[in-house]
Amino acid sequence: MTELMPAEGVFSLIWLLIALPLAGAAVLLFGGRRTNAWGPYLGILTVSASAVLGWIMLVAMMGNSPEERTFDQTLFTWVSVGDFQANMAFQLDQLSMVFVLLITTVGGLIHIYSLGYMSHDRDRRKFFGFLNLFVGAMLILVLANNYLLLYVGWEGVGLASYLLIGFWQYKPSAAAAAKKAFVINRVGDVGLSLAIMLMFITFGSISFQDVFGSAGEASEGTLNAIGLLLLLAAAGKSAQFPLQAWLLDAMEGPTPVSALIHAATMVTAGVYLIARSNAIFNLAEIAALTVVIVGVVTMFMGAIIGSAKDDIKKSLAGSTMSQIGYMITAVGLGPVGYVFGIFHLLTHGVFKAGLFLGAGSVMHGMNDNVNMRRYGAIRTVMFITFITFAAGWLSIMGIPPFSGFWSKDEIIHAAFEQNTLTGILLIIGAGITGFYMTRMFIMTFLGKARWEEDVHPHESPKVMTIPLIILALGSVFLGMALLFWGNIETWLEPVVGYESKEAPISTGVAIALGLLAVGIGVLIAYLQYQRKPIPVEAPHGSWLTRAAREELYGNQVNDALVVTPTLVAAKAATAVDEKGIDGVVNGSAAFVGALSGRLRRYQTGFARSYALSMVGGAVLVILALILVGAS
Amino acid sequence: MIAPLADTATDVNVGEQIVFWVTAILSVAGALGMVLSRKAVHSALWLALTMINLAILYVANSAPFLGMVQVIVYTGAVMMLFLFVLMVVGVDSSDSLIETIKGQRLASIVFVLGVGILLVWGIGNSMVETSSVGLDAANAEHGGHIEGIANVLFTQYLLVFELVAAVLITAAMGAMVLAHRERWTPRPSQRDLARARFTDGGHPGNLPNPGVYARHNAVDTPALLPDGGTSDISVPGPVRARGDERSFDRVDIEEVRAISEGETTLPEEGRE
Amino acid sequence: MNPENYIILSAILFTIGSLGVLIRRNAIVVFMSVELMLNAANLAFVAFARINGNLDGQAVAFFVMVVAAAEVVVGLAIIVTIFRTRRSASIDEPNLLKY
């Protein structure tokens, strides 16, 4: 482990990174209607200030030698119970740094974009308050120096995502989607809390420094258990198989929320958790292998769902699942992959934000219609959106020299270093990516217009296009910048470790294979959607298409495995309660009541009857006295 | 005197035996008569008989003071009170002896017989061969029976005595409270009475006098009204109620007219 | 003369009194029956006083008489009050206080 540096100079302001957006959220949410007029600008200002501070810290950090780039700031002792101690303490290192920059910069751009996108919404102030809360919680998550504080951020992100997905809560579908996201996330959170408890039992501490420092002393079984529990947590937050069902429904929220959830925050938390806990996964082989399997499965599921959906946002959501699957696979590969998982996370964060915001821009012009079959030929009316979306499209497919190419290629290469089969699967996945993204692009921007009658698409205002342009530039150049100028491997190596192994195929062959797969995917999409007219009504489709439209029956499986048995058990419990327990209680009450009803008939109101019973009692008493006296 | 008989109680005493059996039979007869009489007054008289016999038995048991108290308080005052209340409630009402509560009479007889048999049996078992100590010694201690009673009452039982006095006072108060009838409305004044008489449409002044003719002054004849009719209310109510009202008779008018014109002969044939 | 006789007479009178309480409906007669029971008890007290040779029994009998007098006063007042409202001295008449 690298040595911890005291937080001095500009780094003494680590807490301010988090405090700014949280303060913004507090002002907006507690300030009420008084802040309606200037609230959104305050939200943008706080996040932007955090972003600026983050960039300043990056510069300052680059001035230090690689071993002296981990800064630790302890604010106060938070929980102290016996041996257990948790501090309100932050740790800023190279890994946290890139996350801070991604979250604040992309988050800030999304804030600015929202200014235009949400301009007509009555509850704009509340929306910005939730966005600030989201950013603040995510910053707590990546800056915490112990698992308990990380858990605070983790839950904060869950809460903020619930509030934002259900932002239009008057729509029943939005309310249900928010609830679904919250409940499924809760399953993952159980994994995280159990992992934290297990860590405390095993290591006696929950700070990163202590846990990672003594990870080697624990048995492999314990480490595997912790690793699998952490994977469960990551699967919940990052929408990995089998907890993927909430992600597509989460598209019910406003589009900037989708961008924020899918690009900069929320789904990246799982990747961060596994990368951060690399010391555990390096020693837990079964857990690491499971991570790879989960990642690959999710990658295929997401890609297949993305290929079939006609809803542009849901298709993009499928693509997010798929790309997060790439990252999870990468961080599951071990030291060969951590760096590239994070690398892909960064480039994806930028180009996926651009894609989502571009989709939002299209929707904005198309009266919030999300059906791609009613799009087409939008290039003619939304040039800026078209160009920026194209940058994102090329980047996600991994076409050189766009950002996605560098990161995805590195992951595929790393997979070949570790396991040939994984590499081949990832190349196939890349081919499917090419297919569904090209399909989306053609259906939206190319071909003939299939608009509805009263739709008059127009380019979005500057406040929305400028973030799009910035993100498009990022989609083009970020990969090269990070790889050649920023040296991402050496930058992250002190934190997550990096090693390179002999690969069965050369780098050039891997690139060629990847590009070939993508080319095939693009070609199929071109033949299918460019050369043939696109029907406005969705065709019946093959069984795979139908399954993909149903999100590969994930909801049905959840219903069958969890929801229905829970309902049945609840109904059974209700029946037992009502018939059995209540029956006994009511029955005894009814028995006593009936008995009283009979007995009270002896309360006749006639004084002579009472006197008679007294005399009867006297007979018994005298008899008893005589018998006792006689014996 | 009976008292000397009792003072030699320890021995088998023929006089006392005669007294006991006579009074015992009479008192039981009185008690049964009290219970079985249909009329409450008879019950009271039967009870008085029992009480007088009990007074005799008290005297026979060396308790002349209690015997006197029994006669004065019970037979005198209490039974007086009972009879007084009976008069208030209605002396002539005899109770129906049909039992209204189902099974009450049979169960009562069974239980009462049970009590009686058990008591007699118990007493008989426990008091075999008992003999009396007699009160001669106790009476002699303070120079006489009355002195002995007074000694007990005013020394040993002084507190009880005072409490009983309080009970008596309270009982007197209670009886007054219970028997008091509260007036719910203020007593009507003369003004109220006059107003009441005029408001309900009654006749304000004197009712019209009955028809008065020189020939006779009969209250059973209705007065004549100016229109030639008769006034019903001029005849007193009881007369009307009995149906003794005389109908209007034109002959009478003729008669009166004739008398007023100085004709002395009566047209006898006009009458029936 | 065996003093047992007095006690047995007392028991018999007591029993007859209780029978009167149980089977008579006229409240005044019921009251008389109660008085008879009290008198029967008094007889027992007096007899026991003589048997035991002290005057305490007579004192107690005296108190019983006084209390009985007080009781009669209140009881008869109650009967008169009830009679005033219900026009009846039947003890079965006031039976509203029931189930």
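The values are calculated or read from the model by the stated rules, or taken from the named source; none is laboratory data. The structure displayed is predicted, hence computed values, not measured ones. When we count neighbours, we look across all protein chains shown, and the Cβ atoms used for this are built from the backbone with ideal geometry, even at glycine. For accessibility, only protein heavy atoms count, side chains too; no ligands or nucleic acids. Shrake-Rupley method; radii C 1.70, N 1.55, O 1.52, S 1.80 Å.
Each peptide in B:169-181, A:122-134, A:563-575, A:65-77 was scored by the mean count of other Cβ atoms within 10 Å over its residues; highest first, the order is A:122-134, A:65-77, B:169-181, A:563-575.
Taken about its Cα centre, the range A:186-293 carries a charge dipole of roughly 140 debye when the Cβ of each Lys and Arg holds +1 and the Cβ of each Asp and Glu holds -1.
Per residue, how much accessible surface does the range A:480-631 expose to a 1.4 Å probe? Answer in Å², no decimals.
Heavy-atom SASA per residue in the range A:480-631 reads 67 Å².
Axis of helix C:56-86 versus longest Cα principal axis of chain C: the two differ by about 10°, to the nearest ten degrees.
Database remark: amide H of A:Asn146 closer than 5 angstrom to the amide H of A:Phe208 (H placed geometrically; neighbours at sequence offset of 5 or more, or on other chains; Pro and chain starts carry no H). At full extension, A:Ser80 and A:Val576 could sit 174.2 nm farther apart than now, given 0.36 nm per residue minus the alpha carbon distance. For A:Trp78, the residues whose amide H sits under 5 Å from its own are A:Ala86, A:Asn87, A:Met88, ignoring neighbours fewer than 5 places away on the same chain, with H placed 1.01 Å from N.
Rounded to the nearest 10 degrees, the angle from helix A:147-165 to the longest Cα principal axis of chain A is 90 degrees.
Note down the Stokes-Einstein diffusion coefficient of the range A:284-536 in µm²/s, whole number, using a Kirkwood radius over alpha carbon pairs, 4 °C, and 1.567 mPa s. Estimated diffusion coefficient is 71 µm²/s.
Semi-axes of the equivalent ellipsoid of the range A:509-631 are 91, 19, 7 Å, computed as sqrt(5λ) over the eigenvalues of the C-alpha gyration tensor in descending order.
Rounded if a/c is under 1.5, else prolate if a/b beats b/c, else oblate: with a ≥ b ≥ c from the C-alpha gyration tensor eigenvalues square-rooted, which is the range A:571-625?
Oblate, since a/c reaches 1.5 and b/c is not below a/b.
Compared with the dominant Cα axis of chain A, that is its longest principal axis, helix A:220-238 is turned about 80°. The string of couplings for the range A:41-52 from the Karplus curve (6.51, -1.76, 1.60, θ = phi - 60°) is 5, 4, x, 5, 4, 5, 5, 5, 4, 4, 4, 4 Hz, one whole number per residue in order, with x for Gly and Pro. By a 1.4 Å probe calculation restricted to protein chains, A:Glu493 has an accessible surface near 80 Å², given to the nearest 10.
Pairs from the table (A:Lys237/A:Lys462; A:Lys314/A:Lys408; A:Lys313/A:Lys448; A:Lys171/A:Lys309) lying more than 26 angstrom apart at Cα are A:Lys237/A:Lys462.
Where the accessible area of the range A:363-439 is counted over protein heavy atoms with a 1.4 Å probe, how much of it, in %, is carbon and sulfur? All intermediate terms of the calculation are to be shown ahead of the outcome.
Working: 1490 of 2220 Å².
Here it works out to 67 percent.
Taking amide H atoms as placed 1.01 Å from N in the peptide plane, the amide H of A:Met5 lies under 5 Å from those of A:Thr70, A:Phe71, A:Asp72, each 5 or more residues away in sequence or on another chain.
What share of the DSSP beta bridges in the protein assembly as shown is antiparallel, in percent to the nearest 5?
If I count the DSSP bridges inside the protein assembly as shown, around 90 percent turn out antiparallel.
Net charge dipole, the protein assembly as shown: roughly 2920 debye, given to the nearest 20, about the Cα centre with Cβ charges of +1 for Lys and Arg and -1 for Asp and Glu. The mean number of Cβ atoms from other chains found within 10 Å of a Cβ in peptide A:474-482 is 0, as a whole number. Taking a ≥ b ≥ c as the square roots of the eigenvalues of the Cα gyration tensor, the range A:78-223 is classed as prolate, since a/c reaches at least 1.5 and a/b is larger than b/c.
Just how far, in whole angstrom, is the range A:545-578 from the range A:56-84 if you go by their alpha carbon centroids? Their Cα centres are 46 Å away from one another.
For peptide B:136-148, what's the mean number of Cβ atoms from other chains within 10 Å of each residue's Cβ?
Average per residue, whole number: 2.
Comparing the full protein assembly with the isolated chain, the residues of the range C:11-30 losing at least 40 square angstrom of accessible surface (1.4 Å probe) are C:Ala11, C:Leu13, C:Thr15, C:Ile16, C:Leu19, C:Leu22, C:Ile23, C:Arg24, C:Arg25, C:Asn26, C:Ile28. Excluding ligands, DNA and RNA and using a 1.4 Å probe, chains B and A jointly bury around 1000 Å² of accessible surface, summed across both partners. Most tightly packed first, judged by the mean number of other beta-carbon atoms within 10 Å of their residues, the peptides C:89-99, B:114-124 read B:114-124, C:89-99. A:Leu355 sits with roughly 0 Å² accessible to a 1.4 Å probe, with DNA, RNA and ligands left out of the calculation.
Among the residues of B:35-41, the average count of other protein chain beta-carbon atoms within 10 Å of the residue beta-carbon is 5. Using a 1.4 angstrom probe on protein heavy atoms only, the contact between C and B buries about 7000 square angstrom of accessible area, both sides summed. In whole percent, and with a 1.4 Å probe on the protein chains, what portion of the accessible area of the range A:528-584 is carbon and sulfur? Roughly 65 percent of what the probe reaches on the range A:528-584 is carbon or sulfur. About its Cα centre, the range A:284-536 has a charge dipole of approximately 880 debye under the convention of +1 per Lys or Arg Cβ and -1 per Asp or Glu Cβ, with nothing else charged.
Of the residues A:Ser193, A:Val292, A:His413, the one whose Cα sits farthest toward the positive end of the charge dipole of chain A, with +1 on the Cβ of Lys and Arg and -1 on the Cβ of Asp and Glu, is A:Ser193.
Overall shape: prolate for the protein assembly as shown, with the ratio a/c of the largest to smallest alpha carbon gyration tensor axis at 1.5 or above and a/b above b/c.
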